[in-house]
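Data first, discussion second: the structure below is written as C-alpha cells.
Read-outs throughout are calculated quantities, based only on the coordinates presented, and are distinct from any laboratory measurement. This is a predicted model, so every value here is computed, not measured. Cβ placement follows ideal geometry from the backbone for every residue including glycine, while neighbour counts extend to all protein chains displayed.
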Amino acid sequence: MRPISILGVTTDFGANRRGVDMGPSAIRYGGLFDALDDAGVEWTDVGNLHTPRTATAGTREPIGETDQPIRHREETAEVCSRLSARVDEIITSGQTPLVLGGDHSLAMGTLVGTHKVGPIGALWFDAHADFNTPETSPSGNIHGMPLASVLGYGSLGDEPWAHAPHLDEDRVVLVGLRDVDESETDHLEASGVTVYTMTDIDRRGVGPVVMDAIDIATGGGDGDVHLSLDMDWLDPNEAPGVGTPVRGGVSYREAHTAMEYLAEQLPTASIRSMEIVEVNPILDQSNETGKLACELAASAFGKTVV
Ligand SMILES: [Mn+2]
C-alpha cells in the first residue's frame, strides 16, 4: 500500500443542501487519523484545497426545481480544476490521495487528476446513480451528474475539468443504488456501466456482489481503481448526516463487509485514489456519519478485528 495523502475539499456547490462543505472537518474530528493508524497505513494530512468562498447559510439554499440547467458551474469548475492538479501531484509523488468531501461533484476533479498513470476503473458506492447531465437533471445540482460527466456524457462531458477519458466505462461499477431517475436508467442501460442495486445485495448478499464488482473494476486482473464512497450508500439509520438520504441502504455490517472485501481482494497498490463524500455535519447526529466514514476507511485500508 502506498502512503495515503489526506486532502479535504470544502465544497457544497454541487449539492442542494448547505453544510456538506464542513464534511472534511467532521471526518477528521471523527477519528480519521487513529482509524488509519489502526489500519497500519502510513498517512499525511495535506490540509484542505483552497475553494471559492462558500456563501453563509440562508444566502443560497437552492432546493427543488429550477429553470437553470446547472447550478454553480463556475465554482465547481474552479474546485475540480484545482483538485485534479493536487491529485495529480499526490499520485506523481507516489502516494494515494484520500479526498474528503464535500459534495460528490468533486469526484470529477479526483478522477481527472488520476490520468497520468493510464486507464482506470471505478467502484462507486451510492444510493443514486449520479448519472444525470445538465440536459436531464430536474434540479440542476451538479452532485447528481459526476459519473455521467467523467464518462463524457452531456454538456459537462465536453469540459476538460469534468471529463476523464482514461476512465474505462466497461470497468465502472455502481453498487447499492435505490433511487434512480428514469432518464438515468435509460442512459445507464445504453452505457457500459455495471449496476448493482440494493435488490442485488438483498438477494445475493453484499460479499458476492462486491467480489463481482471488484473483478469488473480491475478488468479481471490487477488494473487500478478509483473508490468513490458516497455516505448516502448507507441506510439513513446508520448515516443520517447526508444531504439526500434514501431508506433501504446497506447496514453497518454490510458496509464493513464490503470494505473488508476491498482490502482483501484488491491487489496491493491498485487503489489509485479514493474519496469519501456527502458527509453533512449540520444534518448529522453527534457526528455519527463522520465517525462511520473513518471506520469504513480503516476497513477499506486493511483494518481487521484480530
Ligand atoms: Mn453520489
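Projected onto the charge dipole of the chain (+1 at Lys/Arg Cβ, -1 at Asp/Glu Cβ, origin at the Cα centre), which of Asn237, Pro52, His163 gives the Cα projection farthest towards the positive end? Going by the Cα projections, it comes out as Pro52. When you count the other C-beta atoms within 10 angstrom of each residue and take the mean per peptide, 150-163, 190-203, 1-14, 224-237 line up highest first as 224-237, 1-14, 150-163, 190-203. With the cut-off at under 19 Å, measuring from each backbone N in region 284-306 to a point 7 Å along the Cα-to-Cβ line of Asp37 picks out 291-306. Charged side chains reduced to their Cβ positions (Lys and Arg at +1, Asp and Glu at -1) give region 153-198 a dipole of some 240 debye around its Cα centre. Give the separation of the Cα centroids, region 1-58 to region 243-306, in Å. Each part's Cα centre sits 14 Å from the other's. Pick out which of Leu49, Leu106, Leu292 has the largest mean-square fluctuation in a Gaussian network model of the chain, springs linking Cα atoms closer than 10 Å. Per the Cα network of the chain with a 10 Å cutoff, Leu49 tops the list. Mean sequence separation of contacting Cα pairs (under 8 Å, at least six apart), scaled by the length of the chain, corresponds to a relative contact order of 25 percent.
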